[in-house]
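So the structure is just underneath, and the comments pick up after that.
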């Protein structure tokens, strides 16, 4: 049994200041022992309640029916506390709240660590004790991932796999299959869509009611711990989707918790998320921001979660987000920015990274808010990474075009490099892009059956070699043909078909190549890690670029052909003379490709350079370039006796400003150095 969980003066002060960042250790319901009696200590915040009690099945869900279930108000700002002898693990409860108007309502515990399986809504007295973690070595070896590989497999736990009769997999059953699959496929992390308790399956967890309760639809808290532990044992990190932007309006939840707006803002023009039918948290209240920051730390502390992907950050940062004129409230300066939300995010990230320095804090932010990944102490929001929504939109718009129309939209490929290093980015191909009529990634690709697969292989190769960390939603790796269905498992049966199985093999190979080649991740957030070789071949819809690592001369050359035309020999300027080995050719028959000039372009083939000036280089190579393909080459290591002749990119003769295809207003122009005749 635990010691007493009574609130002391410091707890009360820090709670109301918003600085009690481990409030979960006492708030809510905790099994304990007081004066030799076993029971549960309840602590809850409800400043506008007239009376508070514990309702349970043992008092017919009426906390005021019998003596001994009422809570005592402590302090002057609305904390309530009480010890109930005889309550034990597994007992159901709700807070019975008498409001200032005399009405009564039953509410689930905002700090409950366990809840009934939906559609039932009671909180459950639970314990997080008893699990013996085996991941000490994993946690000790963790380090910041800025210059390390980060390749995320995004998963919805309820539909990755299901039993034949439609039953959900438990955390325990997921632990038996999912971590091993992710490890075999070459992913570094699994990102789980929200696991905080939520009433409606089809909200996917983004409309929560129990922020501290791991959803019971998949099992027990200790089973989730075992899942995370299993991931860590196989070298896989775990990221959790986290939603501090809003919460569900369901009656047992946080809405009007004590009979008045408490967790939400009192002004509906600030509180209402009309497009989602939810309520925004009130970031002006320190008790609310403290509740949320404590929750972020809770998931990392109790469940050893390695990071959070913070959902819908843009909706938090702008008061007019998805609101028509006249339906939003300006800030105190008359602007549209939510100053309090920005301050909360800075405080959140500072607190998390202070306690867990190696944690991932990823923002889904789509409006180019400045400094998202700038440290909080330097005035930024302090996230470690930001989803690159601009890259995602431009790229998918480009790939949806028929090949013959792509030359006129070449800027969709070249423009994202202009801002690729403004933040520390992750490139997301997430669940949002394969639902609500948007089609699956495979079905977005134009053309014939074979061309769709070729296009998807090209998309994945382009993403894996573009600056930025990587994220792919489940099913994309084997070519789920219909868009994601949130009530059925993935179409694993497709792996019986040759093209789908070969696509999965290609993604596995590509992921492992990414892990092996430091050039693809060491300098992800630095312009030093990327160099254009040719971005101007829009007529043929080809781009060529170089990814560079820290070591001198360590680099890859990437050729992407976005057209259905083939090139028996596409000439590319190279940084130095020597042999260049084909590491990957997405058109290989082993991946489902047509094998265009397979003997000349097979993986492992070494192509020798020639003293032919091309792309401003003194040496060049000719590479067979299949239609709708990506080809990756790397210079073979020389013997110690050989001499490296490193040629430079275009040398400055004079600077000329050239407007790129796709250049947008307000963006910088590229400096093009002309070559002396």
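Observations
- Filter result for residue 431 (at pLDDT 95 or above, outside the structural domain of residue 539 (by TED's automatic domain parsing) and closer than 30 Å to residue 487 by Cβ): yes
- Any hit, the stretch 354-361, residues being closer than 22 Å to residue 287 by Cβ, touching a helix residue (DSSP H, G or I) at 6+ places or on another chain (Cβ under 6 Å) and crowded, with 22+ Cβ neighbours inside 10 Å: no
- Check on residue 66, touching a helix residue (DSSP H, G or I) at 6+ places or on another chain (Cβ under 6 Å) and surrounded by fewer than 22 Cβ atoms within 10 Å (Cβ to Cβ): yes
- The stretch 568-584: number of residues that are more than 38 Å from the chain's Cα centre (by Cα) and closer than 22 Å to residue 628 by Cβ: 3
- Any hit, the stretch 604-613, residues being within 33 Å of the chain's Cα centre (by Cα), in the same structural domain as residue 630 (by TED's automatic domain parsing) and at negative phi: no
- Selection from the stretch 490-520 of residues that are out of contact with any helix residue (DSSP H, G or I) (no Cβ under 7 Å at 6 or more places or on another chain) and either part of a helix (DSSP H, G or I) or crowded, with 22+ Cβ neighbours inside 10 Å (or both): 492, 493, 496, 498, 509, 512, 513, 515, 516, 517, 518, 519
- Matching residues, the stretch 192-242, being touching a strand residue (DSSP E or B) at 6+ places or on another chain (Cβ under 8 Å) and part of a loop (DSSP other than H, G, I, E, B): 193, 194, 195, 198, 205, 206, 207, 208, 209, 215, 236
- Lone qualifier among 266, 251 - being within 19 Å of residue 210 (Cβ to Cβ) and at pLDDT 95 or above: 251
Okay, residues lined up against (1) in contact with a helix residue (DSSP H, G or I) (Cβ under 9 Å, 6 or more places away or on another chain); (2) under 24 Å from residue 506 (Cβ atoms); (3) buried (at least 22 other Cβ atoms within 10 Å of the Cβ):
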residue: 155; (1), (2), (3): yes, yes, yes
residue: 164; (1), (2), (3): no, no, no
residue: 194; (1), (2), (3): yes, no, yes
residue: 200; (1), (2), (3): no, no, no
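- Test: residue in the stretch 275-285 that is within 30 Å of residue 144 (Cα to Cα), more than 19 Å from the chain's Cα centre (by Cα) and touching a residue at least 60 places away in the same chain (Cβ under 8 Å): yes
- Screening 570, 591 for residues that are touching a residue at least 40 places away in the same chain (Cβ under 8 Å) and surrounded by fewer than 22 Cβ atoms within 10 Å (Cβ to Cβ) leaves exactly one candidate, 570.
- Residue 255 vs. criteria under 25 Å from residue 90 (Cβ atoms), in contact with a strand residue (DSSP E or B) (Cβ under 8 Å, 6 or more places away or on another chain) and either without any contact (Cβ under 8 Å) to a residue 40 or more places away in the chain or in a helix (DSSP H, G or I) (or both): no
- Residue 662 surrounded by 12 or more Cβ atoms within 10 Å (Cβ to Cβ), modelled with pLDDT under 50 and at positive phi: yes
- Selection within the stretch 75-86: residues that are within 19 Å of residue 15 (Cβ to Cβ) and surrounded by fewer than 16 Cβ atoms within 10 Å (Cβ to Cβ). The member of this set that is farthest from the chain's Cα centre (by Cα) is 76.
The values are calculated or read from the model by the stated rules, or taken from the named source; none is laboratory data. Just so it is clear, the structure is predicted and the values come from calculations on it, not from any experiment. Every residue, glycine as well, gets a Cβ built from its backbone with ideal geometry; the counts of neighbours run over all protein chains shown.
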